[in-house]
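Peer 1: Shown below is the structure under consideration.
The values are calculated or read from the model by the stated rules, or taken from the named source; none is laboratory data. Small disclaimer: the values here were computed from a predicted structure and weren't measured. All Cβ positions, glycine included, derive from the backbone under ideal geometry; neighbour counts span all protein chains shown.
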Amino acid sequence: MSNNLIYKTQYELQNELDNYKQLVSDVLTIAKKKGATDVEVDASLSDGVSIEVRNGDIDKLEFNRDKGVGITVYLGKASASVSSSDTSLKSLESTIDHAIALAKVMEEDEYSGLAEKELLAFDYKTFDLDLYHPWDVSIENLIDLAKDCEKKAFDLDKRIINSDGSFVNTYSGLSIYGNSNGFIGSDIASRHTYGISLIGKENDDMQTDYWNTVSRVPENLQSIDIISKKAVERTVSRLGAKKILTRRTPVIFNFSTAKTLIGSFLGAISGGALYRGASFLLNQKGNQIFSDKITLVERPHLAQGLGSALFDGDGVKTKERILVDNGILNGYLLSCYSARRLGLQTTGNSGGVHNLHIDLPDDAKSFDNLVKEMHNGIIITDLMGQGINTITGDYSQGAFGYMVENGVITYPIREITVASNLKDMYKNIISVGSDIDTRGNVQIGSLLIDNMMVAST
């Protein structure tokens, strides 16, 4: 066994899990005895290590061990939520008393309450999703990994003059949700990542960029050779950026910026935005909102998935579903509360979406072929600012990217603003890239969008 302080065998973690399940059960029982109509409890325990190296020196070395219990009590339709980092029963009894006292002075909310019992994931199994893979490696080896990644990057190109930090993070933890409808569910997971951010210089121009790798399974992380090479290539490709004239043009949003477009979509179909009337996709279920190139599927039960979950934050069973089918919006992202506000049923999305994937159309293209198809236009690789109106869909973002001429990337461009409306952008997607980025809960490739305004700033 290594001296990694956060490594635990499944047996060791199972013991901690059993203890926390008992704690949640005890809190539920105590709260009911004290007069709560209903109760729900969230408990968590996590361990992590964060390391950052800069210019060969350790800039940060942090060990984290966090624990906490959140309690929501209901007195009829009035409720109050409190939390504590002290998990002793004596302290939690005091926390429950405080929650009940608060609930007594809260106004009633007709939409509040636990999930209906028939919706709860009673048949879940903690380890079925294979989410727990601790990194059995010493702290010294993690530090060496960060140092080696930085050194390899410096050796690859003389234009790399500095590092903004090479980092390694590893995390393992458990979480438990229980409520007074008889449900107690648990989740055990690990997550590991490392990467590097670099600074490049050529003449008087300086640019920065990065690359990283993320996985629940340490053996599935990309090698430091790949990470350092990718970070260097991305950084030096930005050197010599030019300004351009304002124009209307096709635009490719690369996989990282395409994720932000899908993120805006997810925000617009979330229950909170919908019942507040703060969404440009209000009342659009069943309508064509994307081009027919786009099919988006939520797959919450993927083994080792970064967004996998057998139940949501209300304890409701999750299920695979097609959110967008050939451009048509099939449904929303609803918790129990937001569903009641809208007169609908929960979709098992309290806490958000679980593993959203694009199903590639038959004519999906590699990134290089996407560039050739665009022929003349602009690739957007970075976005800046907060220029999105979630109510109207109006879109205006500062950006960095690359000019494409005759199907070839010619030079980087800076100080531009890309503008349109998300409703038009979604419908004007004319081609989809097969370069899907797997480093996250939303997995999508590059998108080619026709006819956008790109202005020089």
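Peer 1: Could you identify the single residue in 51, 96 that is in contact (Cβ under 8 Å) with a residue 40 or more places away in the chain, farther than 30 Å from residue 193 by Cα and of a type in the set (A, V, I, L, M)?
Peer 2: 96
Peer 1: Pull out all pairs, ordered by first then second residue, where Cβ-Cβ is under 6 Å, the residues are six or more apart or on different chains, the first lies in the range 263-285 and is under 21 Å from residue 322 (Cβ atoms) and touching a residue at least 24 places away in the same chain (Cβ under 8 Å), and the second is in a helix (DSSP H, G or I) and of a type in the set (S, T, N, Q).
Peer 2: Between residues of the range 263-285 that are under 21 Å from residue 322 (Cβ atoms) and touching a residue at least 24 places away in the same chain (Cβ under 8 Å) and residues that are in a helix (DSSP H, G or I) and of a type in the set (S, T, N, Q), the close pairs are 271/338.
Peer 1: Let me ask something else. Please find, among 152, 158, 125, the residue that is among the basic types (Lys, Arg) and without any contact (Cβ under 8 Å) to a residue 40 or more places away in the chain. First the steps, then the outcome.
Peer 2: Values: 152 fails: without any contact (Cβ under 8 Å) to a residue 40 or more places away in the chain; 125 fails: without any contact (Cβ under 8 Å) to a residue 40 or more places away in the chain.
That would be 158, the only listed residue that is among the basic types (Lys, Arg) and without any contact (Cβ under 8 Å) to a residue 40 or more places away in the chain.
Peer 1: Would you pick out the residues in the range 107-121 that are part of a helix (DSSP H, G or I) and touching a residue at least 12 places away in the same chain (Cβ under 8 Å)?
Peer 2: Pass one, the range 107-121, residues part of a helix (DSSP H, G or I): 117-119.
Once the filter is applied, which keeps residues that are part of a helix (DSSP H, G or I) and touching a residue at least 12 places away in the same chain (Cβ under 8 Å), the range 107-121 yields 117, 119.
Yes/no matrix, rows are residues, columns are (1) surrounded by fewer than 16 Cβ atoms within 10 Å (Cβ to Cβ); (2) more than 21 Å from residue 209 (Cα to Cα); (3) without any contact (Cβ under 8 Å) to a residue 60 or more places away in the chain:
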site: 357; (1), (2), (3): no, yes, no
site: 383; (1), (2), (3): no, no, no
site: 405; (1), (2), (3): yes, yes, yes
site: 408; (1), (2), (3): yes, yes, yes
site: 411; (1), (2), (3): yes, no, no
site: 414; (1), (2), (3): no, no, no
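Peer 1: Select from the range 391-403 the residues that are buried (at least 16 other Cβ atoms within 10 Å of the Cβ) and polar (S, T, N, Q) and list them in ascending order.
Peer 2: Applying the first criterion (buried (at least 16 other Cβ atoms within 10 Å of the Cβ)) to the range 391-403 yields 393, 395-403.
Selection gives 396, 397.
Peer 1: Here's another thing I want to ask about it. Out of the residues in the range 263-288 meeting the condition of being of a type in the set (S, T, N, Q) and surrounded by fewer than 17 Cβ atoms within 10 Å (Cβ to Cβ), tell me which one is nearest to residue 433 (Cα to Cα).
Peer 2: Quick first cut of the range 263-288, residues of a type in the set (S, T, N, Q) only: 264, 270, 279, 283-284, 287-288.
Next cut, surrounded by fewer than 17 Cβ atoms within 10 Å (Cβ to Cβ) only: 283, 287-288.
Values: 283: 29, 287: 24, 288: 21 Å.
Of everything passing the filter in the range 263-288, 288 is nearest to residue 433 (Cα to Cα).
Peer 1: Which members of the range 368-398 meet the condition of being hydrophobic (A, V, I, L, M, F, W, C) and out of contact with any helix residue (DSSP H, G or I) (no Cβ under 8 Å at 6 or more places or on another chain)? Outline the logic, then answer.
Peer 2: Here is the first cut: in the range 368-398, the residues hydrophobic (A, V, I, L, M, F, W, C) are 370-371, 374, 378-380, 383-384, 388, 391.
Within the range 368-398, 370, 371, 374, 378, 384, 391 qualify.
Peer 1: Looking at the range 430-454 only, could you name the residues that are among the hydroxyl-bearing types (Ser, Thr, Tyr) and either touching a helix residue (DSSP H, G or I) at 6+ places or on another chain (Cβ under 6 Å) or within 23 Å of residue 246 (Cα to Cα) (or both)? Write out each step before concluding.
Peer 2: As a first pass, look at the range 430-454 and keep what is among the hydroxyl-bearing types (Ser, Thr, Tyr): 431, 434, 438, 446.
If the condition is that a residue be among the hydroxyl-bearing types (Ser, Thr, Tyr) and either touching a helix residue (DSSP H, G or I) at 6+ places or on another chain (Cβ under 6 Å) or within 23 Å of residue 246 (Cα to Cα) (or both), then 431, 446 are the ones that fit.
Peer 1: May I pose another question? Any idea which of 410, 392, 457 is over 17 Å from residue 258 (Cβ atoms) and in contact with a Ser or Thr (Cβ under 9 Å, 6 or more places away or on another chain)? Talk me through it step by step, then tell me what you get.
Peer 2: Values: 410 fails: in contact with a Ser or Thr (Cβ under 9 Å, 6 or more places away or on another chain); 392 fails: in contact with a Ser or Thr (Cβ under 9 Å, 6 or more places away or on another chain).
None of the other options fit; the residue is 457.
Peer 1: Can you pull out the residues in the range 289-304 that are under 17 Å from residue 319 (Cα atoms), among the aliphatic types (A, V, I, L, M) and surrounded by 21 or more Cβ atoms within 10 Å (Cβ to Cβ)?
Peer 2: Matches in the range 289-304: 296 only.
Peer 1: May I pose another question? Pick from the range 27-59 the residues that are surrounded by 15 or more Cβ atoms within 10 Å (Cβ to Cβ) and among the small types (Gly, Ala, Ser): which of them is nearest to residue 150 (Cα to Cα)?
Peer 2: Applying the filter and picking the extreme gives 50.
Peer 1: Right, another one. Only one residue in 180, 163, 84, 172 is of a type in the set (Ser, Thr, Tyr), within 25 Å of the chain's Cα centre (by Cα) and crowded, with 17+ Cβ neighbours inside 10 Å. Which one? Steps first, answer last, please.
Peer 2: Numbers: 180 fails: within 25 Å of the chain's Cα centre (by Cα); 163 fails: within 25 Å of the chain's Cα centre (by Cα); 84 fails: within 25 Å of the chain's Cα centre (by Cα).
Step by step, each of 180, 163, 84, 172 is checked, and only 172 is of a type in the set (Ser, Thr, Tyr), within 25 Å of the chain's Cα centre (by Cα) and crowded, with 17+ Cβ neighbours inside 10 Å.
Peer 1: Have a look at 150, 62, 107 and point out the one that is acidic (Asp, Glu), touching a Ser or Thr at 6+ places or on another chain (Cβ under 9 Å), surrounded by fewer than 16 Cβ atoms within 10 Å (Cβ to Cβ) and over 26 Å from residue 23 (Cα atoms).
Peer 2: Numbers: 150 fails: surrounded by fewer than 16 Cβ atoms within 10 Å (Cβ to Cβ); 107 fails: touching a Ser or Thr at 6+ places or on another chain (Cβ under 9 Å).
Answer to the check: 62.
Peer 1: Take residue 352 and tell me if it is surrounded by 18 or more Cβ atoms within 10 Å (Cβ to Cβ), small (Gly, Ala, Ser), part of a loop (DSSP other than H, G, I, E, B) and touching a residue at least 24 places away in the same chain (Cβ under 8 Å).
Peer 2: Working: surrounded by 18 or more Cβ atoms within 10 Å (Cβ to Cβ): no; small (Gly, Ala, Ser): yes; part of a loop (DSSP other than H, G, I, E, B): yes; touching a residue at least 24 places away in the same chain (Cβ under 8 Å): yes.
The answer is no for residue 352.
Peer 1: Quick one: which of 413, 391 is of a type in the set (A, V, I, L, M, F, W, C), in the same structural domain as residue 265 (by TED's automatic domain parsing) and part of a strand (DSSP E or B)? Give the steps one after another, and end with the answer.
Peer 2: Working: 391 fails: part of a strand (DSSP E or B).
When all the criteria are applied, what remains is 413.
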